[in-house]
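Input: a single structure, listed below in structure tokens.
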Amino acid sequence: MTPSPVIELRGAGKSYPGGVHALRGVDLTVEEGELVAVVGPSGSGKSTMLNLMGTLDRPTTGTVRIAGYDVSELSDARLSALRARHIGFVFQHFHLAAGRDAVDNVADGLLYAGVPPKERRARAREALAGVGLDHRRSHTPNELSGGEKQRVAIARALVGEPRLLLADEPTGALDTASGALVMELLHRLNASGTTICVITHDNEIADALPRRVRFRDGAIVSDLHSGPRTGSRTEGTGACARVEGAGSRARTEGAGS
Ligand SMILES: Nc1ncnc2c1ncn2[C@@H]1O[C@H](COP(=O)(O)OP(=O)(O)OP(=O)(O)O)[C@@H](O)[C@H]1O
Ligand SMILES: [Mg+2]
């Protein structure tokens with residue numbers, strides 16, 4: 001059987017009261033193992049689309065399917081389960097809990113995954129080591145640099161081994177060197193099988209990614225592929241190519257528990 005795309009938007013629109021059309025009928029398919037840059041001017045709908053992909057919001061028109069599930073057909077509880085199992089988030093301003101050390105912040109990424117507290121902390125330490133921060137694990141956010149905070153946030157997003165990582169301007173608040181480290185980390189994760197969509201204002205960062213989706217006024221104006229995919233799968237051809245094979249890790253299917 002051909003696997004479902006990780007993300008499938010069909011005519012996806014998002015309007016707000018007062019006639020704001022943040023997203024206008026977007027069609028987009030993202031296959032397992034892709035690494036996609038989302039670019040475009042401020043206010044063009046990038047975050048709105050990422051929120052739909054992350055099931056943090058539902059479309060007002062069209063359909064959003066994540067891992068094969070139609071978001072509009074799932075209850076809030078099932079959506080939470082889908083998020084906990086399949087999706088990790090990274091934001092521009094880290095969103096770490098103040099006063100809690102790096103291990104606790106990362107362990108929080110497993111809060112809704114039904115993992116016992118002791119195992120949460122053990123897995124958090126592993127995830128921190130994976131982003132090169134084992135030596136900072138007892139530091140609270142105010143004792144970390146911006147780049148280190150973002151690496152903690154990435155470890156938190158990844159500790160549950162999501163198949164999809166969504167990042168909204170993850171380098172936006174970082175200097176060039178820290179930003180490069182964060183992007184290196186994302187490339188590595190993608191190479192190990194994680195599907196990634198990353199919003200960026202940085203053309204240099206976008207140009208280094210294998211696919212670039214450009215927005216204007218709530219719509220996609222271009223969708224460019226270049227070079228081989230960096231993910232560990234058979235190469236696809238074009239935007240909607242289906243790619244056989246699963247991720248490098250075993251995935252548990254299903255939105256519910
Ligand atoms: N909750 C809301 N209520 C009303 N309008 C909204 C809401 N959220 C976003 N918008 C509007 O939707 C449009 C798209 O916003 P969005 O945040 O997706 O833009 P963006 O491309 O992420 O911009 P930026 O690069 O500045 O982050 C904007 O015009 C914005 O003002
Ligand atoms: Mg935005």
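The values are calculated or read from the model by the stated rules, or taken from the named source; none is laboratory data. From a predicted model like this one, the values you see are computed outputs, not experimental measurements. Cβ placement follows ideal geometry from the backbone for every residue including glycine, while neighbour counts extend to all protein chains displayed.
Restricted to region 10-68, and to residues there that are among the polar types (S, T, N, Q) and either modelled with pLDDT under 95 or over 24 Å from LEU224 (Cα atoms) (or both), the residue that is farthest from ligand 2 (Cβ to nearest atom) is THR61.
Does LYS14 satisfy the condition of being over 20 Å from LEU79 (Cβ atoms), surrounded by 23 or more Cβ atoms within 10 Å (Cβ to Cβ) and within 14 Å of ligand 1 (Cβ to nearest atom)?
Details: over 20 Å from LEU79 (Cβ atoms): no; surrounded by 23 or more Cβ atoms within 10 Å (Cβ to Cβ): yes; within 14 Å of ligand 1 (Cβ to nearest atom): yes.
Answer is no for this residue.
When region 34-53 is limited to residues that are farther than 14 Å from LEU23 by Cβ and assigned to a loop (DSSP other than H, G, I, E, B), the one that is nearest to ligand 1 (Cβ to nearest atom) turns out to be SER42. Selection of first residues in region 200-213 that are closer than 18 Å to SER42 by Cα and of second residues that are surrounded by fewer than 15 Cβ atoms within 10 Å (Cβ to Cβ), restricted to Cβ pairs under 6 Å at least 6 apart or on distinct chains, gives the following pairs, ordered by first then second residue: ARG212/LEU224. If only residues of region 62-83 that are among the hydrophobic types (A, V, I, L, M, F, W, C) and surrounded by 14 or more Cβ atoms within 10 Å (Cβ to Cβ) are counted, the one that is nearest to ARG163 (Cα to Cα) is ALA67. Apart from one condition, PRO59 fits all of (1) part of a loop (DSSP other than H, G, I, E, B); (2) surrounded by fewer than 21 Cβ atoms within 10 Å (Cβ to Cβ); (3) within 16 Å of ligand 1 (Cβ to nearest atom); the exception is (2).
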